[in-house]
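One structure is given here, and the rest of the page talks about it.
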Amino acid sequence: MTFELYSRRFTFRTQGPIHFAAGKPGNILRSALGNAFRKTTCSAECLGECANPETCQYARLFEPSAIGKGPSGYSDRPRPFVFRIAHLDGKTFGANERFWFDVNLFIVQNPPIEQFTKAFEQLSREGVGPGRTRLQLLSVEPVGQDGSIAELERAHHPITLSLAAQSEGVRHVRVEFVTPTELKGAREPGFGVLFARIRDRVSALRTFYGRGPLSIDFREARERAAAVRIVGADLRHIRASRRSSASGATHDLGGYTGIAEYEGELGEFIPYLEAARWTGVGRHCVWGNGEMRLLPEASAHQRPALDR
């Protein structure tokens, strides 16, 4: 059983200064990208609610819930992409400087790489951020499984991650929450809740955009994950919010960042933690929140002291 995706790195040159406020890189890009997608994919008659969401590229990517209900157990379609923009947080770029970010795409058949490219070209012409800084799209490059730029011949092949248990006897892992992460209904990232959210997200993405639902016993996997203990945490709670330009409502973008340590029988769960590096987990993960990664295992005397 595998999980597949495409990842692309978009590199831009600024034509003026641009600032990515702390906690806001995704928010700066989300509305501009949505508007650019409408202009490059929707017809002139398509105003307000989409009349044909089943065939509309904008609806497919940005408003998939409008397409209708999915199979039993899946009441809402996840958006089939995520931004990877943590490195832009709080950064300022002057005129004629370069910056980049990655977009992970989970539609396996006919991934919308060309549509994203056209939308980013449109966004670059219109400008980004409060000052409407114009950009120049310099390159679109495939990203490989190791996170670096892949060879061009790999551009048409997805990244393929095995979800099969690969490591027996794994008893300890350290997970870093890179960007603010919020697991609804959980005050801390207990492993049972963390795994359940990752499992559900991976399964939903496979169901709607990949090779179908996960072929695992959800209840038994949940019970085994609940036996894994969180034994240490060094977490910082981040406060951030955004105000919707459409409704005027304020939405919480906060969550915790930092490191959590887990102990237990972890071998079967390692591939899902690796997959979550690409998918994200929790609220607002499409726009860059909920980014997490496994940290290399350190010896006991090298590990920092973590609070409980």
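Values in this text are rule-based calculations from the coordinates and carry no lab data. Since this is a predicted model, take the numbers as computed values, not measurements. Neighbour counts are summed over all protein chains in view; Cβ atoms, including those assigned to glycine, are modelled from backbone coordinates with ideal geometry.
Mind jotting down the three principal axis lengths of segment 2-160 based on Cα atoms? Whole angstrom, largest first.
Principal extents (largest minus smallest coordinate, Cα): 49, 38, 27 Å.
Could you tell me the number of lysine pairs in the chain with C-alpha atoms less than 23 Å from each other, where the two lysines are 8 or more residues apart or belong to different chains? List each step's numbers first, then the result.
Values: 24/91; 24/184; 39/118; 69/184.
Pairs that pass both the separation and distance tests number 4.
In whole Å, what three semi-axes, largest first, describe the equivalent ellipsoid of segment 164-302 built from its Cα gyration tensor (square root of 5 times each eigenvalue)?
26, 20, 12
Less than 12 Å Cβ to Cβ from residue 221, Lys/Arg counted +1 and Asp/Glu -1: what total charge do the surrounding residues give? Each step should come with its number before you reach the end.
On the way: positive: 199, 219, 222, 224; negative: 200, 217, 220, 223, 265, 268.
Value of the local net charge: -2.
Compute the acute angle (0 to 90°) between the alpha-carbon long axis of helix 113-126 and the principal axis of greatest extent of the alpha-carbon atoms of the chain; round to the nearest 10°.
60
Send over the Kirkwood Rh of the chain, from the inverse of the averaged 1/r over different Cα pairs, rounded to one decimal Å. Walk me through the intermediate numbers first.
Numbers: mean 1/r = 0.0487 Å⁻¹.
Over the chain, the inverse of the mean reciprocal pair distance is 20.5 Å.
Sort 176-188, 276-288, 130-142 by the packing proxy (mean of other Cβ within 10 Å over each peptide's residues), most packed first.
Details: 176-188: 18.1, 276-288: 23.8, 130-142: 15.5.
With the highest mean Cβ count within 10 Å placed first, the list reads 276-288, 176-188, 130-142.
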